[in-house]
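Worksheet for the structure shown next.
The values are calculated or read from the model by the stated rules, or taken from the named source; none is laboratory data. In this text the structure is predicted, and so the values were computed from the model without any measurement. Neighbour counts run over all protein chains shown; Cβ positions are idealised from the backbone, glycine included. Side chains are part of the model used for accessible areas, which takes the heavy atoms of the whole protein and leaves out ligands, DNA and RNA. Shrake-Rupley method; radii C 1.70, N 1.55, O 1.52, S 1.80 Å.
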Amino acid sequence: MPGGLKDEIPAAIERLRGVAIATPLVRLDVDDAPAEIYLKLECLQPSGSFKIRTAGNQVLALTGAQRAQGIYTASGGNLGIATAFLAREHGLQATVLVPDDLPAAKLAMLEALGAEVLRLAFADWWQVVLQRGLPGRAETYIDADGPGALAGAATLGLEIHEQLPDADAVLAAWGGGALACGLASVIKAARPRAKMIACELETAQPLTAALAAGAPVEVPYSGSFVSGMGSTEVLPSVWPLARELIDTTAVVSLKAVCDAIRIVLDTNGVVAEGAGAVPVAAALAGQGGKGKLVCVVSGGNLGDQALASIKAGTIPD
């Protein structure tokens, strides 16, 4: 485990007590599944995703002066929702910068939580993510990929290892990278033989390309109903960790994601959003290998319209 991150995790555990819940790990009972698949239901977190861990660890570390200035973030959905949720709980002002292709359901959630929402063209929004904020703003930036975010995600890795210590592989969506790298730092230290598989969409595969090239490279990006993952390149801040901790990637289609959402709903009665179903789609396609697989259902903030479309057998816009 990277030394600096190891030192951050105990404080993250303490900060997140009473904020993030210990989510259940349940079996996905599919008769013809290629492996023994388990679902880590982070979609049951208070804000609907694992981002309560990454945002919570940062928000609860703020000083009184920082809280008085307010907070802001750039988010493809769930980080913004978690940040807005925490701001409402603690009486803070929150602003969320979002890409212009953010699904309407997540936009509505942000507004309902009382956040100020600023919509940007995707390229401009991505620059804010890359530079971790905007120059000149007095508020504290809640990032997706810094030490606080990684340590928050590492608490998820601890739970997974406690619940299934003999897991053969853990599959998680690749977005900014904090989820996969943070939890992998714990899983790989506790069980070195376990594989860490980062899952991407066919519409944007920056990590797959980076691992093949040996360095981050630009790739085509196409937006979809699967928000919060997919970009034109791997964040430079997480690349060293990804190269060290990620064993391989799995790439799935939008149709496979829709099929996985229906399967999780039908078998376990749980609504997974697109990014949360990507690892399930990969596992069902055999891309996780055999044995005991943990799929991180990272979020459940799927709008009613998108869910209705998926139930009807079509891919949402």
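Evaluate region 204-214: report whether one residue or more is closer than 19 Å to Ala282 by Cα, touching a Ser or Thr at 6+ places or on another chain (Cβ under 7 Å) and among the small types (Gly, Ala, Ser).
Scanning region 204-214 turns up at least one residue that is closer than 19 Å to Ala282 by Cα, touching a Ser or Thr at 6+ places or on another chain (Cβ under 7 Å) and among the small types (Gly, Ala, Ser).
Results for (1) part of a loop (DSSP other than H, G, I, E, B); (2) in contact with a helix residue (DSSP H, G or I) (Cβ under 7 Å, 6 or more places away or on another chain), shown as yes or no for each residue.
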{"site": "Lys6", "(1), (2)": "no, no"}
{"site": "Glu14", "(1), (2)": "no, no"}
{"site": "Gly18", "(1), (2)": "yes, no"}
{"site": "Ala22", "(1), (2)": "yes, yes"}
{"site": "Val26", "(1), (2)": "no, yes"}
{"site": "Asp32", "(1), (2)": "yes, no"}
{"site": "Tyr38", "(1), (2)": "no, no"}
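Inspect all residues belonging to region 135-158 and state whether any of them is touching a Gly at 6+ places or on another chain (Cβ under 9 Å), closer than 16 Å to Leu39 by Cα, in contact (Cβ under 8 Å) with a residue 60 or more places away in the chain and not charged (D, E, K, R).
yes
If Asp29 satisfies all but one of (1) open to solvent by 10 Å² or more (accessible area, probe 1.4 Å); (2) free of Cβ contacts under 8 Å to residues at least 60 places away in the same chain, what's the number of the condition it fails?
Of (1) open to solvent by 10 Å² or more (accessible area, probe 1.4 Å); (2) free of Cβ contacts under 8 Å to residues at least 60 places away in the same chain, only one is false for Asp29: (2).
For Ala204, indicate whether it is open to solvent by less than 10 Å² (accessible area, probe 1.4 Å), among the small types (Gly, Ala, Ser) and within 18 Å of Gly176 (Cα to Cα).
yes
Out of Leu284, Leu254, Leu235, which single residue is closer than 21 Å to Thr203 by Cα and under 16 Å from the mean Cα position of the chain (by Cα)?
None of the other options fit; the residue is Leu235.
Say whether the condition of being surrounded by fewer than 18 Cβ atoms within 10 Å (Cβ to Cβ), more than 21 Å from Glu42 (Cβ to Cβ) and either of a type outside the set (Asp, Glu) or touching a residue at least 12 places away in the same chain (Cβ under 8 Å) (or both) is met by at least one residue in region 233-240.
Yes.
Looking only at helices (runs of 4 or more DSSP H) that fall completely inside region 40-151, which ones have 3 or more residues that are open to solvent by less than 10 Å² (accessible area, probe 1.4 Å)?
51-59, 78-90
Would you mind finding the one in Leu134, Leu150 that is at pLDDT 95 or above, at negative phi and touching a helix residue (DSSP H, G or I) at 6+ places or on another chain (Cβ under 7 Å)?
Exactly one residue qualifies, and that residue is Leu150.
Select from region 204-215 the residues that are part of a loop (DSSP other than H, G, I, E, B) and either closer than 19 Å to Trp125 by Cα or of a type in the set (Lys, Arg) (or both) and list them in ascending order.
Within region 204-215, Gln205 is the sole residue that qualifies.
I'd like to check something: does region 304-312 contain any residue that is outside any helix (DSSP H, G or I) and under 23 Å from Lys106 (Cα atoms)?
Checked region 304-312: at least one residue is outside any helix (DSSP H, G or I) and under 23 Å from Lys106 (Cα atoms).
Note down all Cβ pairs under 9 Å where the first residue falls in region 211-222 and is on the phi > 0 side of the Ramachandran plot and of a type outside the set (A, V, I, L, M), the second is assigned to a helix (DSSP H, G or I) and open to solvent by 50 Å² or more (accessible area, probe 1.4 Å), and they're at least six residues apart or on different chains.
Hits for this filter: Gly214/Arg243.
Got a sec? Which of Ala215, Ala190 is more than 18 Å from Val257 (Cα to Cα), out of contact with any His (no Cβ under 9 Å at 6 or more places or on another chain) and surrounded by fewer than 17 Cβ atoms within 10 Å (Cβ to Cβ)?
Sole residue among the options that is more than 18 Å from Val257 (Cα to Cα), out of contact with any His (no Cβ under 9 Å at 6 or more places or on another chain) and surrounded by fewer than 17 Cβ atoms within 10 Å (Cβ to Cβ): Ala215.
For Glu162, only one of the following conditions fails: (1) in contact (Cβ under 8 Å) with a residue 60 or more places away in the chain; (2) under 30 Å from Lys188 (Cα atoms). What is its number?
(1)
May I ask you to verify whether Leu254 is in contact (Cβ under 8 Å) with a residue 12 or more places away in the chain and open to solvent by less than 10 Å² (accessible area, probe 1.4 Å)?
Taking the combined requirement at face value, the residue does not satisfy it.
How do the pairs read when you match residues in region 290-314 that are closer than 30 Å to Ile187 by Cβ with residues anywhere that are open to solvent by 10 Å² or more (accessible area, probe 1.4 Å) and among the acidic types (Asp, Glu), using Cβ under 8 Å and keeping only pairs 6 or more apart or on different chains?
Cβ pairs passing all conditions: Lys290/Asp168; Gly291/Glu36; Gly291/Asp168; Lys292/Glu36; Lys292/Asp166; Lys292/Asp168; Leu293/Glu36; Leu293/Asp168.
For Pro10, indicate whether it is more than 19 Å from the chain's Cα centre (by Cα), farther than 26 Å from Arg137 by Cβ and open to solvent by 30 Å² or more (accessible area, probe 1.4 Å).
yes
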